Amino acid sequence: LAQHLADAGCPADIVYLDLSTASRAVAEQRAKVRGLGNITFMTGSLLDLPGLGLGPFDYIDCCGVLHHLADPPAGLAALTAVLAPDGGMGIMVYGALGRTGVYPMQAMLKTLAAYAPAPALTATAQLATARDLLKQLPATNWLRRNPAIGDHLAGGDAGLADLLLHPQDRAYSVPELAALVRGAGLEITGLIEPWRYDPASYLTDPGLLHRLERLDPIARAGFAEQLAGNLKRHIVYLAHRDCARTAVARADDPAMVPVLRADSSELVGALRGRSTLKVGVDGLEVRLPVPP
């Protein structure tokens, strides 16, 4: 965010807030290498934000944090308290259906830990236990059958620990996330990526699609989530309830036309004249219409 704003010549004051001093050190070094001087680094909890005198903020980004809190509504309320009246917020939380198999696996590892000798409770030992169990999963196990989850396969120790050994996390369905957001006095203004929350991305039967036209946007998104079954995270943009309608980008705004960023002229050439684009994501392959 700091780099994009600097590139755009936009004067901005960015505040980085994190409980982890190790993560902060990494972020500070990255900013230093890039020559970015528009960030103030702070160590602390987002739960303390209302009392830190830092707001109000025009934009808040909270990625992968709320679902690890003991009280996610309290966390979102703290963020909302420092959001400017016409400000926006972006959050990411885990998706329930796409993480099928994760929570039974976490439960099994907690059971094994409860009956392990003290030396087996170190972080290194717990990682070894997780790997041993993963190797023994039967073909019918839901985590093994879930093509959307690969953190434990390619993410190394960090990916494995975050997926299976985190002491506290929960996942949300679209309706549950909408309820969390409404409870904070906010509204969802956009879901990313939009096509994944549209039943028409998966269905072609006109009769079925016609019935779904009566649903409100959240209900339609929830139906698409149930249909696809592979949404392992939800990324949403939020605004205060009284500003939500005016905060949505207009589809006919030329500045909002998506731009394909690719190094390959071959790829760009292959798209020219095509009416559909084939996309593979999290074990699912779909064809999307390419607009003019």
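The values are calculated or read from the model by the stated rules, or taken from the named source; none is laboratory data. Keep in mind that what you see is a predicted model, and the values were worked out from it rather than measured. Here the Cβ is made from the backbone with ideal geometry for all residues, glycine too, and neighbour counts use every protein chain on show. Note: accessible area is taken over every heavy atom of the protein model, side chains too, but ligands, DNA and RNA are not part of it. Shrake-Rupley method; radii C 1.70, N 1.55, O 1.52, S 1.80 Å.
Before moving on, here are some points about what is shown:
- Taking 0.36 nm per residue of separation and subtracting the Cα-Cα distance, full extension of the segment from residue 270 to residue 154 would add 38.7 nm.
- Carbon plus sulfur fraction of accessible area for region 182-226, probe 1.4 Å, in percent: 54 percent
- Cβ-Cβ FRET estimate between residue 40 and residue 243, R0 fixed at 22 Å, reported to 0.05: 0.25
- Cβ-placed point charges (K, R +1; D, E -1), dipole of the chain about Cα centre in debye, nearest 20: 760 debye
- Extension gain (nm, one decimal) between residue 70 and residue 287, 0.36 nm per residue minus Cα-Cα: 74.1 nm
- Estimated distance in nm for a label pair at residue 8 and residue 210, the labels positioned 7 Å out from Cα along Cα-to-Cβ: 4.3 nm
- Lysines whose Cα lies under 24 Å from that of residue 278, excluding same-chain neighbours fewer than 8 positions away: 232
- The chain: antiparallel DSSP beta bridges as a percent of all, rounded to 5: 60 percent
- Remark: spin-label model distance residue 1-residue 219 equals 3.4 nm, labels positioned 7 Å along the Cα→Cβ axis.
- Distance in nm between pseudo-label sites at residue 54 and residue 32 (7 Å out along the Cβ direction from Cα): 2.1 nm
- Accessible solvent surface per residue of the chain, calculated while the other protein chains remain in place, 1.4 angstrom probe, Å²: 61 Å²
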